[in-house]
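Quick notes on the structure that follows.
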């Protein structure tokens, strides 16, 4: 995002201000009109992350419950893919948006994560309780703002939308409860 702005003061006016001895008279500028110097910025569109929240994307078919007491064991042995998604109707440049994700959400963010490896996990369950296992891909729910910097150096909100962004992190989550 280029934040450089050009002030409409001519070089002659700046030189007159620095001349020694007398009170300088301001040279006329192309933007003369009594409102001061006009600003000019290149118009550009960019994306920013307004908020992000860590979430679990549960892998279907990997919810296991066992007990009372003993041990609960689960195995992941099927393929499942979690892909990055945007809300319907969100008009975004995927390339520009992906640079924003990598820079402001997580360096481990990925466009998709596929679970394909067989994996066993066991956990002891406290006496009198039920043990629960679920496999998940860790990710983020992200609120994006599509912004535009105008030629008058003002920021303008063009769109706001959510994206579901998986990371390369995945694994089992265990918890115990009194009810199955």
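Quick note: the coordinates plus some simple rules give every number you see, no bench work behind them. Computed from a predicted structure; not experimentally measured. We place every Cβ from the backbone using ideal geometry, glycine too, and count neighbours over all the protein chains shown.
What's the whole-number percent of alpha carbon pairs in the range 43-177 lying beyond 21 angstrom?
Pairs farther apart than 21 Å: 53 percent.
Work out the FRET efficiency for residue 177 and residue 53 from their Cβ-Cβ distance, taking R0 = 30 Å, and round it to the nearest 0.05.
For residue 177 and residue 53, the calculated efficiency is 0.75.
Assuming 0.36 nm per residue, please report the length gained on full extension of the stretch residue 162 to residue 44 beyond their Cα-Cα distance.
Separation in residues times 0.36 nm, less the Cα-Cα distance, equals 40.3 nm.
FRET efficiency for residue 153 and residue 81, Cβ-Cβ distance as r, R0 = 41 Å, nearest 0.05?
Calculated value: 0.40.
Sorted by average packing, counted as other Cβ atoms within 10 angstrom per residue and highest first, what order do 163-175, 93-105 take?
With the highest mean Cβ count within 10 Å placed first, the list reads 163-175, 93-105.
For residue 119 and residue 94, FRET efficiency with R0 = 22 Å and r from the beta-carbon atoms, rounded to 0.05?
0.10
What ranking do 116, 48 get, fewest neighbouring Cβ atoms within 10 angstrom at the top?
Fewest to most other Cβ atoms nearby, the residues stand as 116, 48.
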